[in-house]
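Any read-out appearing in this document is the output of simple, stated calculations on the displayed coordinates, not a laboratory observation. These numbers were taken from a predicted model, which means no experiment stands behind them. Note that each Cβ is placed from the backbone with ideal geometry, even for glycine, and that neighbours are counted across all protein chains shown.
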Amino acid sequence: MKKALTITLTVILGLAVILLLTKNMLVKFAVTNGIKALTGVTVKVESIKVGVFKQVVAVNNLQLFNPKEFTDQLMADIPEIYVDYDLGAFMKGKVHLKELRLNLKELAVNKSAKGKINLESLQSLQPKGSGPAPEIAIDLLKLDIDKVVYRDYSSGGSPQAREFNVNIHEQYENITDPNQLVMIILSRALVNTTIAQIAKIGGPLKKALGSTVGAASEAVGNTIGIAGDTVSKVTGTLKGLLTGSKSQ
């Protein structure tokens with residue numbers, strides 16, 4: 001009897017481990033392919049841990065890579081993403097994140113020998129089809145951005161390089177569009193730099209950043225712990241970022 005109980009417990013434990021490992025692999029596949037679909041660039045993830053008793057996912061060392069036409073490989077280095085998700089919403093085919101923490105260690109902006117900016121390759125900046133946008137709800141976004149690096153290869157030879165320690169630590173509420181999420185990250189990363197001017201950003205990236213002014217301002221208006229007058233200041237700064245003038 002005791003031997004049979006031991007065998008049963010061993011089998012149950014083995015199945016639990018298999019299910020957990022399978023769950024981790026499935027989530028890693030879903031996260032990697034989901035981010036790739038959203039950004040349109042190559043994605044690499046070191047590891048993903050899925051909560052056993054809690055509906056949480058921890059993504060460690062996620063990296064986005066530039067298309068092959070760019071000299072530098074790395075576009076973004078994200079050591080940590082933490083997600084507290086709503087399992088019930090996922091079962092209904094919806095994405096509801098109660099909390100999303102994103103730690104962006106480095107955003108690398110590259111200008112190629114042909115004068116193209118790597119960020120313009122992002123899927124979020126491409127023309128949208130007529131179909132509805134994916135249904136998503138992010139209750140709380142905690143965004144940390146350490147630094148932004150700019151390298152210009154358009155003159156040939158060694159690149160002209162600039163580094164900006166932006167030190168962004170902000171929180172946003174009620175994000176309902178995945179493209180809005182990407183553009184908030186980009187606009188907040190670039191807003192305290194001169195990259196838009198020195199890189200002479202134009203085309204779809206400038207247009208997308210311009211359309212993000214209102215959305216980012218609304219998100220900042222929902223930011224926890226930021227005074228109301230910050231909204232107008234951020235709006236002015238974003239407009240200055242695009243026009244080359246400094247906000248007062």
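Give me the number: length gained by fully extending Lys94 to Ala58, i.e. 0.36 nm times residue separation minus the C-alpha to C-alpha distance, one decimal in nm.
Extra length available between Lys94 and Ala58 comes to 11.0 nm.
Of the listed peptides 98-105, 81-88, what is their order by residue-averaged count of other C-beta atoms within 10 Å, with the highest listed first?
In descending order of packing, they fall as 98-105, 81-88.
As a test, work out the antiparallel percent of DSSP beta bridges whose residues both lie in the stretch 45-137, rounded to the nearest 5.
90
Could you tell me which of the pairs Lys116/Lys147; Lys44/Lys200; Lys49/Lys206; Lys142/Lys200 are separated by over 27 angstrom between their Cα atoms in the structure shown?
Checking Cα-Cα distances, Lys44/Lys200; Lys49/Lys206; Lys142/Lys200 exceed 27 Å.
Among 44-55, 112-123, what's the highest-first ranking by average C-beta atoms within 10 angstrom per residue?
Those peptides, ordered most packed to least, come out 112-123, 44-55.
Using the basic label-point model (7 angstrom from Cα toward the beta carbon), what is the Arg101 to Asn167 distance in nanometres?
2.1
Of the listed peptides 176-182, 157-163, what is their order by residue-averaged count of other C-beta atoms within 10 Å, with the highest listed first?
Taking the mean over residues of other Cβ atoms within 10 Å, the ranking is 176-182, 157-163.
For the stretch 60-160, what is the charge dipole size about the Cα centre, in debye to the nearest 20, if Lys and Arg each add +1 at the Cβ and Asp and Glu each add -1 at the Cβ?
For the stretch 60-160, the charge dipole is close to 320 debye.
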